[in-house]
1. Place a +1 charge on the Cβ of each Lys and Arg in the chain and a -1 charge on the Cβ of each Asp and Glu, then give the dipole magnitude about the Cα centre in debye, rounded to the nearest 20.
2. Quick one: among Gly26, Gly42, Gly71, which has the greatest mean-square fluctuation in a GNM of the chain with alpha-carbon springs under 10 angstrom?
3. Name the most mobile residue of Gln101, Gln81, Gln39, meaning the one with the largest mean-square fluctuation, in a Gaussian network model of the chain with Cα contacts below 10 Å.
4. Do any chymotrypsin sites (Phe, Trp or Tyr not before Pro) in segment 27-115 lie in a DSSP loop with no more than 14 other beta carbon atoms within 10 Å, and if so, which?
5. Mind giving me the FRET efficiency for Lys86 and Val33? R0 is 25 Å, r the Cβ-Cβ distance, nearest 0.05 is fine.
6. For segment 25-78, what does the accessible surface come to per residue with a 1.4 Å probe? Please give it in Å².
7. Counting only protein heavy atoms and a 1.4 Å probe, tell me what percentage of the chain's accessible area is made up of carbon and sulfur.
8. Calculate, axis by axis, the spread of Cα positions in segment 16-115 along the three principal axes, and write the results as whole Å, longest axis first.
Amino acid sequence: QVQLVESGGGWVQAGGSLRLSCEISGSIFGINVMGWLRQAPGNLRELVATISSGGRTNYADSVKGRFTISGDNDKKTVHLQMNSLKPEDTAVYYCYVERFQRQYWGQGTQVTVSS
């Protein structure tokens, strides 16, 4: 089993920044992808950013140039630096990992961006 705990969410005005962190514990051997998803009220959960075990990153078009994902080499922490936040970024953000073709999610952290 893998446990994920997010932190760093909160309220910010448009144009501001937040940094989300995710602490990963448990059976971390075999984790090959770490990332962040988000879900706004009434919307489907969407992929925000991922980072592979080789360091390759991928971003949703809506956050490219504004968000940066990073992970520690020991695969125990993954961060999401969010700059130039917009009201449409308001959502619950979930940390997730892929391990041996299974996905694990945290409980989520709320991000609210006011206009």
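1. Computed charge dipole of the chain: roughly 120 debye.
2. For the chain, modelled as a Gaussian network with Cα springs under 10 Å, the answer is Gly42.
3. Of Gln101, Gln81, Gln39, the most mobile in the Gaussian network model is Gln101.
4. Passing sites in segment 27-115 are Phe29, Phe100.
5. After rounding, the FRET efficiency stands at 0.45.
6. Ligands and nucleic acids excluded, the figure is 56 Å² per residue.
7. Accessible surface attributable to carbon and sulfur in the chain totals 47 percent.
8. Per principal axis, max minus min of the Cα coordinates gives 42, 25, 21 Å.
The values are calculated or read from the model by the stated rules, or taken from the named source; none is laboratory data. No experiment lies behind these values; they were computed from the predicted model shown. All Cβ positions, even for glycine, are placed from backbone atoms using ideal geometry, and neighbour counts span all protein chains on display. Just so you know, the surface numbers come from the protein's heavy atoms only, side chains and all, with ligands and any DNA or RNA stripped out. Shrake-Rupley method; radii C 1.70, N 1.55, O 1.52, S 1.80 Å.
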